[in-house]
Amino acid sequence: MKQIRIMALGLALSLALTACGGAQSGQKGNKQSEAPANHLEQIKAAGKIVLGTSADYPPFEYHEIVNGKDTITGWEIEMAQAIADKLGVALEIKEGKFETLIADLNTEKTDFVISAMSIDEDRKQSADFSEPYFHGGQVVLAKKANAGELKDAASLNGKTVGVQLGSTGEEAAREVEGATIKSFDAFEAAVLDLISDRVDAVVADYAVAQNYAKSYTDLVVAFELSKEDYGVVFRKGDDELREAVNAILAELLENGTIDQLIAKYEAAAPAQ
Ligand code: ARG
């Protein structure tokens, strides 16, 4: 009941504000100058930018208990925070399934996406990317005991391979003849299946696979499948925001911030 009253109050307030805004612009001869001109201006006017991310990919973005509180962290989260800081706005994190991050962006649930998302021709049909800020690629993670027989894509024939739904890793794995693909909403679930021998291998980004191999010593990176570059993702035609973020990324690359974050979170890049 209380909540309904608060909502009603909010509605009344926003109506009053709209009416007020209308009157003001009327006084100025109906100039539309007060409406923010583009998405970047809207973000600045709102004082916050909403990040879409799938926080299941350590060390890029993941959950961690910090001072007893469930927190989303990771090197890309710190990079997103640095971008928001440079734009002069607060960062709000909206967690989503990796598979629907671009749909959530396009339905304006989020303003931009950072989620170890590889710059990919298919995705470019429905979204725009920044310049690359990290060079990675897909690798195959396996149990040490089985890694010997896994040396190239063809050796996945007859194997069950865990992948994240909607990822480039899924795409790569589906191209392997004779492999059975098991897709997961959350990447971590694929790793759990590998640990408990429900899949023979998992496809992941190099730094993520290395990270798991470090925490679970019976896992190892068996071989590399592809090279990829990561980009920040925007709605198609959101050029002002994309250009502003490109300029910030160039600065963060230039002044060593990104390198420091990669080092802090041990997000090693594969040899190029
Ligand atoms: N780099 C891969 C891709 O773009 C996987 C990224 C998964 N990211 C995540 N936060 N779970 O498809």
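The values are calculated or read from the model by the stated rules, or taken from the named source; none is laboratory data. Remember, it's a predicted structure, so these values are computed and weren't measured experimentally. With ideal geometry, Cβ positions are generated from the backbone for all residues, glycine too; neighbour counts draw on all protein chains shown.
Being in a strand (DSSP E or B), within 16 Å of the ligand (Cβ to nearest atom) and either small (Gly, Ala, Ser) or under 15 Å from residue 113 (Cβ atoms) (or both) is the filter here; which residues of segment 43-65 pass it? Before the answer, list the steps.
Filtering segment 43-65 for residues in a strand (DSSP E or B) gives 48-53, 56-57, 61-65.
Among the residues that remain, those that are also within 16 Å of the ligand (Cβ to nearest atom) are: 51-53, 56-57, 61-64.
Within segment 43-65, 51, 52, 53, 56, 57, 61 qualify.
Assuming residue 186 fulfils every condition listed in (1) more than 16 Å from the ligand (Cβ to nearest atom); (2) closer than 28 Å to residue 105 by Cα apart from one, which condition is it?
Single failed check for residue 186: (1).
Please tell me if residue 72 is among the aliphatic types (A, V, I, L, M), under 18 Å from residue 186 (Cα atoms), free of Cβ contacts under 8 Å to residues at least 40 places away in the same chain and out of contact with any helix residue (DSSP H, G or I) (no Cβ under 8 Å at 6 or more places or on another chain). Give the derivation first.
On the way: among the aliphatic types (A, V, I, L, M): yes; under 18 Å from residue 186 (Cα atoms): yes; free of Cβ contacts under 8 Å to residues at least 40 places away in the same chain: yes; out of contact with any helix residue (DSSP H, G or I) (no Cβ under 8 Å at 6 or more places or on another chain): yes.
Yes, satisfied.
Residues in segment 166-180 that are crowded, with 16+ Cβ neighbours inside 10 Å and either under 24 Å from the mean Cα position of the chain (by Cα) or within 10 Å of the ligand (Cβ to nearest atom) (or both): how many? Talk me through it step by step, then tell me what you get.
Within segment 166-180, the first condition is being crowded, with 16+ Cβ neighbours inside 10 Å, and the residues that meet it are 166-173, 176, 179.
After this cut, where a residue has to be either under 24 Å from the mean Cα position of the chain (by Cα) or within 10 Å of the ligand (Cβ to nearest atom) (or both) as well, the list is 166-173.
The qualifying residues number 8.
Taking the stated definitions as given, is residue 221 in contact (Cβ under 8 Å) with a residue 40 or more places away in the chain and in contact with a helix residue (DSSP H, G or I) (Cβ under 7 Å, 6 or more places away or on another chain)? Give the derivation first.
Details: in contact (Cβ under 8 Å) with a residue 40 or more places away in the chain: yes; in contact with a helix residue (DSSP H, G or I) (Cβ under 7 Å, 6 or more places away or on another chain): yes.
Against the criterion (in contact (Cβ under 8 Å) with a residue 40 or more places away in the chain and in contact with a helix residue (DSSP H, G or I) (Cβ under 7 Å, 6 or more places away or on another chain)), residue 221 qualifies.
Looking at segment 66-91 only, could you name the residues that are in a strand (DSSP E or B) and at pLDDT below 95?
Within segment 66-91, the subset in a strand (DSSP E or B) is 66, 69-73, 90-91.
Listed by number, the list holds a single entry, 66.
Please determine whether any residue of segment 199-209 is free of Cβ contacts under 8 Å to residues at least 24 places away in the same chain, closer than 26 Å to residue 122 by Cβ, touching a strand residue (DSSP E or B) at 6+ places or on another chain (Cβ under 8 Å) and not polar (S, T, N, Q). Quick ask: steps written out before the conclusion?
Step one: list which residues in segment 199-209 are free of Cβ contacts under 8 Å to residues at least 24 places away in the same chain, which gives none.
No, segment 199-209 contains no residue that is free of Cβ contacts under 8 Å to residues at least 24 places away in the same chain, closer than 26 Å to residue 122 by Cβ, touching a strand residue (DSSP E or B) at 6+ places or on another chain (Cβ under 8 Å) and not polar (S, T, N, Q).
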